[in-house]
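Colleague: I am attaching a structure below and will ask some questions about it afterwards.
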Amino acid sequence: MRADSKETIDELLDVAERLFAARGVEHVKLTEIVASSSQKNRSALHYHFGSREGVLTAVLDRRLMRVTTLRLAILDDAAADEPDMAKAIYAFVAPLCSVVLNEPWGSDYISILAQVGAHPCLLGKRILDDESMTALRRCRRLMDLSSPEIPSAVLARRFRWFHDGFIVALARWARTTPRSQWKPAVMQDLIEEFVQYGVAGLSVPRLPLAQTTTQNGQKR
């Protein structure tokens, strides 16, 4: 890729990221992204990405690479240990918390993730870069290994619930917490709470469904 093309793409993605986070992905037009950048060529965005879905996918893929690098480092450090649910959830949670705290784009990124989680249709038929999903799949495998008594399909379902709830909770924290409280110690406490919550939800043994009762109160 030519240097000027990469510079153009980075600027357009930076602007798109800010607008998507501030106003909502659905409410941002491609023409607004170009108009808010220094690009004079109105077709630049369409040329590079094709559609709003293409822009959104590129925004997420670009940041997911950093999150994936952090996750893989945690997973590699834990590879020699016994499978542990808390370590698996920590590897999922901590990198996202880290980028929110330490990267200038972190709060915008988590805001966009929360929007996509609530409305997957925002991506259309686009999919995120498969290589960047490697770390997330390793987290899931570690969860399976740590709780062999729980069916994999059940763990997958529970993880989806935890995943979506965690993303929304972290996005809300970033939006509502005063910047004066954005400190490593505060974030570490938050990470520990997320991990404990996740372990409790994912690891709980399956319980039999409560027996239904008839109208006169007798058990069926």
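Colleague: If you go through region 190-210 one residue at a time, how many are surrounded by 11 or more Cβ atoms within 10 Å (Cβ to Cβ) and of a type in the set (D, E, K, R)?
Modeller: 2
Colleague: Right, something else. Report, ordered by the first and then the second residue, all pairs with beta carbons closer than 9 Å, sequence separation of six or more or different chains, a first member in region 134-145 that is under 16 Å from Met85 (Cβ atoms), and a second member that is aromatic (Phe, Trp, Tyr).
Modeller: That search, which allows pairs on different chains as well, returns Leu136/Phe92; Cys139/Phe92; Cys139/Phe159; Arg140/Phe92; Arg140/Phe159; Met143/Phe92; Met143/Phe159.
Colleague: Identify, by number, the condition in (1) under 21 Å from the mean Cα position of the chain (by Cα); (2) at pLDDT below 95 that Met1 doesn't meet.
Modeller: (1)
Colleague: Determine, yes or no, whether Pro120 is out of contact with any His (no Cβ under 6 Å at 6 or more places or on another chain), surrounded by fewer than 16 Cβ atoms within 10 Å (Cβ to Cβ), within 23 Å of Gly54 (Cβ to Cβ) and without any contact (Cβ under 8 Å) to a residue 40 or more places away in the chain.
Modeller: Here the answer is yes, as Pro120 does meet what is asked.
Colleague: Now, a different point. For region 6-30, which positions are among the charged types (D, E, K, R), under 21 Å from Cys121 (Cβ atoms) and surrounded by fewer than 21 Cβ atoms within 10 Å (Cβ to Cβ)?
Modeller: Those that are among the charged types (D, E, K, R), under 21 Å from Cys121 (Cβ atoms) and surrounded by fewer than 21 Cβ atoms within 10 Å (Cβ to Cβ): Arg23, Glu26, Lys29.
Colleague: Test Ser43 against the criterion of being exposed (fewer than 15 other Cβ atoms within 10 Å of the Cβ) and farther than 30 Å from Glu192 by Cβ, and give yes or no.
Modeller: yes
Colleague: Which of the residues that make up region 40-65 are touching a residue at least 60 places away in the same chain (Cβ under 8 Å), under 13 Å from Ala16 (Cβ atoms) and in a helix (DSSP H, G or I)?
Modeller: Glu53, Gly54, Leu56, Thr57, Leu60, Asp61
Colleague: Report, by residue number, each residue of region 76-90 that is loosely packed, with under 15 Cβ neighbours inside 10 Å and charged (D, E, K, R).
Modeller: If the condition is that a residue be loosely packed, with under 15 Cβ neighbours inside 10 Å and charged (D, E, K, R), then Asp76, Asp77, Asp81, Glu82 are the ones that fit.
Colleague: Go over the candidates Val55, Val67, Val93, Val100 one by one and state the one that is among the β-branched types (Val, Ile, Thr), buried (at least 21 other Cβ atoms within 10 Å of the Cβ) and farther than 24 Å from Leu190 by Cα.
Modeller: That would be Val55, the only listed residue that is among the β-branched types (Val, Ile, Thr), buried (at least 21 other Cβ atoms within 10 Å of the Cβ) and farther than 24 Å from Leu190 by Cα.
Colleague: Does region 21-39 hold any residues that are closer than 22 Å to Ala174 by Cβ, of a type outside the set (A, V, I, L, M) and assigned to a helix (DSSP H, G or I), and which are they?
Modeller: Those that are closer than 22 Å to Ala174 by Cβ, of a type outside the set (A, V, I, L, M) and assigned to a helix (DSSP H, G or I): Arg23, Glu26, His27.
Colleague: Check Pro148 against each of (1) more than 24 Å from Arg63 (Cβ to Cβ); (2) at pLDDT below 95; (3) in a helix (DSSP H, G or I) and name the one condition it does not meet.
Modeller: (3)
The values are calculated or read from the model by the stated rules, or taken from the named source; none is laboratory data. Since this is a predicted model, take the numbers as computed values, not measurements. Cβ coordinates were reconstructed from backbone atoms using ideal geometry, including for glycine residues, and neighbour counts include every protein chain displayed.
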